[in-house]
1. Which whole-Hz ³J(HN,Hα) couplings does region 354-360 yield from phi under the Karplus relation 6.51 cos²θ - 1.76 cosθ + 1.60, θ = phi - 60°, glycine and proline marked x?
2. Sort ASP124, ASP268 by Cβ crowding within 10 Å, fewest neighbours at the top.
3. In region 222-267, what GluC sites (Glu not before Pro) fall in a loop by DSSP, with at most 11 other Cβ atoms inside 10 Å?
4. Please sort by residue number the trypsin sites (Lys or Arg not before Pro) in region 82-143 whose DSSP state is loop and whose Cβ has at most 11 other Cβ atoms within 10 Å.
5. In nm, give the distance between the simple-model label positions of ARG58 and ARG300, each being 7 Å from the Cα along the Cα-to-Cβ direction.
6. Given H placed on each backbone N at 1.01 Å, which residues far from ALA160 in sequence or on other chains put an amide H within less than 5 Å of it?
7. Taking region 280-380, which trypsin sites (Lys or Arg not before Pro) meet the DSSP loop condition and have no more than 13 other C-beta atoms within 10 Å?
8. Which far-off residues, 5 or more places away or on another chain, put their amide H under 5 Å from the one on VAL337, with H placed in the peptide plane?
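Here, each number is a calculation from the coordinates, and none is a lab measurement. This structure is a prediction, so every number in the text was calculated from the model and none was measured. Neighbour counts run over all protein chains shown; Cβ positions are idealised from the backbone, glycine included.
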Amino acid sequence: MAYAFTLDDVRFLRSASGAAALAGCAGLDASRIADVEAARRIAGEHAAAVLETVVLRRKARAKLDADGWLFTGDAMQQASASAVARHRAARLAGRDVHDVTCSVGADLVELAAVARRVVGSDVDSVRLAMARHNCPDVPLVRADALHPVSRGTVIVADPARRDARGRRWRPEDFAPPLDRLAEVYGGRELAVKVSPGLDFSPLTWADEVELVSLDGQVREACLWTGSLATAARRATVLRGESPQWTITSEDPDDIGAREPGEWIIDPDGAVVRAGLVKHYGARHGLWQLDERIAYLTGDRPPPGVRAFRVLEHGPYQEKALRAVLKRREVGRLEILVRGLDVDPDALRKRLKPRGPNEATVVLTRIGRSPVAFLCEATRT
C-alpha cells in the first residue's frame, strides 16, 4: 500500500534537514530491514516519508525529467512522461494556461517553459505543497477544478482515473467527471488528458482526439476543444532522438486492399487507436491486406519503423506452419496476431520451434481465410 504523505512530511522534505536525510538515504532499499533501520537513524519520525521519496525518485527517472522532485505514489504513476507533457505544452505555446488539476507539477513545468503565463491549482493540499517545491516559479492556488478561479485561460486538466478500488474506466467516474468538466468550462478552450483505452464516442464536446505514443507504447490521449483542435483525430508518435511525426484525419486515406507486397507493416499503436491506418498507408504508399485489419503491406517500408520482409506465406494451418519452421530451422520465434483468435504463447509452445535461426510469423485473415506470413523483422 502506498505511503500517505502529510503536509508535515512535505515541510520536512523541503527543509535543509530533509534534504540532508534524502541524501543520506539515497542508496537505501526500503525492502531491506537493515536499510529501514538505517533510515530511522538518519530521518527519525520522517523515515517512512524519506524512504518512499527515495523509491519514487528512482522510479520517476524512467519517465520524468524531475531530479530532486517530491511525489506521492499515485501522482508519479499518473504523471505524463516528460516527453509527452512537453509535446502537449508545445501546442499551447504563447497562451495563458491554467492547469486545474496540477498535482505535483509534471505538466506545469513543461507549460511554464513555453506558455505566456501559467497558473496551477489542485484540491489536494499535499500535492500542491509538493508542486510548490517542484515548480517554485509557478503561481499556485488550492481550488476545486469544478469551481473556476481564472478567466481567459486555456484549461488543462488530468482527471484522476484511480481510487482505492483500482482504475476507473467510465468517464463519469473520473475525478472530476469528464462531461462535468466540459460543462463547467463551456465556451473555454480545453486540453484534457485521458486514458488511451477510453471510448471517445460519447464525448461529443471534444473537437479533437489525439493519441500519443512514446518509444512504441501508446501512453495517453488528449481531448482538445475550440481553436486548439485542428483535426477530428490525430496520432502523434514520439520516439527517442528521432523526429516526432503526426498524422490526422485530414490527411488522404485513399488506399484499398490488394495482394501482399514484399513487406508487412504493423502501424504504431497510436495510429491504430486513432483509426488512421488508411491515412498512414496513403502517406507511405502502402495498402491493406484486408480492409478490416490494421496490417499494411507494400514494396517499400516507411523509414524508422520495425517492418517485416515476407519470406513466404500461405493459408494458416498449424501443421503446415510447423513444417515451414522445421525446414527453415527456426528456433527463436516471434508471433504477431490480428483478426484471429490465436494465443501466441500457447501456439509457440505447440509449435516447439528448434534451430539456430529466428523469424517472425504474422497471423491474420484476408476475407474469411486465415493466412500465415513467415517474415524477417528489420528496423528500417
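1. 9, x, x, 9, 10, 7, 10
2. Values: ASP124 18, ASP268 25.
With the fewest neighbours first, ASP124, ASP268 line up as ASP124, ASP268.
3. Working: sites: GLU241, GLU250, GLU262; in loops: GLU241, GLU250, GLU262.
Counting only loop positions with at most 11 other Cβ atoms within 10 Å, the GluC sites (Glu not before Pro) in region 222-267 are GLU241.
4. Numbers: sites: ARG86, ARG88, ARG91, ARG95, ARG116, ARG117, ARG127, ARG132, ARG142; in loops: ARG91, ARG95, ARG116.
Counting only loop positions with at most 11 other Cβ atoms within 10 Å, the trypsin sites (Lys or Arg not before Pro) in region 82-143 are ARG116.
5. 4.9 nm
6. Result for ALA160 returns ALA175.
7. On the way: sites: ARG283, ARG292, ARG306, ARG309, LYS319, ARG322, LYS326, ARG327, ARG328, ARG332, ARG338, ARG348, LYS349, ARG350, ARG354, ARG365, ARG368, ARG379; in loops: ARG292, ARG328, ARG338, ARG354, ARG368.
Answer by residue number: ARG292, ARG354, ARG368.
8. LEU363
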